Amino acid sequence: MKNTHYESLGGEKSVRELVDRFYDLMDKKSDMTELRELHAPDLTEARKKLFMFLSGWLGGPSLYIEKYGHPRLRQRHISFVIGEIERDQWMSCIQQAMTDMNIESELKQILYDAFYKTADFMRNR
């Protein structure tokens, strides 16, 4: 029996795949302009940090905390304008990434709900 979402998802390889698919979608889809503009032209560092964060957030290794300390998500993102458009674009990319990975529907819904709660919490406009 798998105990964490990290394990249920498939561990490190699957979390990396989710992060890479998310950023590939964000970078290539023309309707993600506002979200894409919040990121540096080179997404290497963003990919690394999201992978590290999601690893711990999903119940796997606390890579982000070990390297950077507590995530303090709102504080770290406060300088970025995050409204409903940015939240919805982020959610669209993560939902499509999960769909593309064929994540089992029950786990996908659990993760979607958790991602939405976090993404909505990040809004500052």
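Taken together, the values in this text are just the output of simple stated rules run on the coordinates, not laboratory data. Everything numeric in this text was worked out from a predicted model, so none of it was measured. Note: ideal-geometry Cβ built from the backbone for every residue, glycine included; neighbour counts use all protein chains shown.
So the values come out like this:
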item	result
Filtered residue count, the stretch 90-119, keeping only those that are under 19 Å from ARG72 (Cα atoms) and either charged (D, E, K, R) or not in a helix (DSSP H, G or I) (or both)	1
Residue among ARG87, ARG76 that is assigned to a helix (DSSP H, G or I) and surrounded by fewer than 17 Cβ atoms within 10 Å (Cβ to Cβ)	ARG76
Within the stretch 3-40, considering residues that are without any contact (Cβ under 8 Å) to a residue 12 or more places away in the chain and assigned to a loop (DSSP other than H, G, I, E, B), the one surrounded by the fewest Cβ atoms within 10 Å (Cβ to Cβ)	ALA40
Residue ID - surrounded by the most Cβ atoms within 10 Å (Cβ to Cβ), chosen from residues in the stretch 41-60 that are assigned to a loop (DSSP other than H, G, I, E, B) and touching a helix residue (DSSP H, G or I) at 6+ places or on another chain (Cβ under 9 Å)	LEU58
Tally, over the stretch 111-125, of residues that are of a type in the set (A, V, I, L, M, F, W, C) and either in contact with a Lys or Arg (Cβ under 9 Å, 6 or more places away or on another chain) or over 19 Å from ARG16 (Cα atoms) (or both)	3
